[in-house]
Amino acid sequence: MNLSAPTQLIFIISVVIAIIGILAALGVLAFIPLASVWIVLIAYIVLAAGCLMRGA
């Protein structure tokens, strides 16, 4: 399995999702029905997929 650096777009998307998760944990975004730990996990999965898939 060859790993590659994620593209800048994938990195920015994962950072934005992680920030949304952190804001949900702090209670700023209380209207999100998903637990904040799951939102941050989704951000990590997006980043990992960007590292595993070449050209993503």
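Read-outs: derived from the displayed coordinates by stated rules, not from any lab. Since the structure is predicted, the reported quantities are computational estimates derived from the model, not experimental observations. Don't worry about glycine lacking a Cβ; one is built from the backbone with ideal geometry, like all the others, and counts go over all protein chains shown.
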**Cβ-Cβ under 7 Å pairs, at least 6 apart or on other chains, the range 1-21 side touching a residue at least 24 places away in the same chain (Cβ under 8 Å) and surrounded by 13 or more Cβ atoms within 10 Å (Cβ to Cβ), far side small (Gly, Ala, Ser) and not in a helix (DSSP H, G or I)** = Thr7/Ala56; Ile10/Ala56
**Prompt:** When residues of the range 8-43 are filtered for being in a helix (DSSP H, G or I) and either farther than 23 Å from Arg54 by Cβ or out of contact with any Leu (no Cβ under 8 Å at 6 or more places or on another chain) (or both), how many remain?
**Reply:** 24
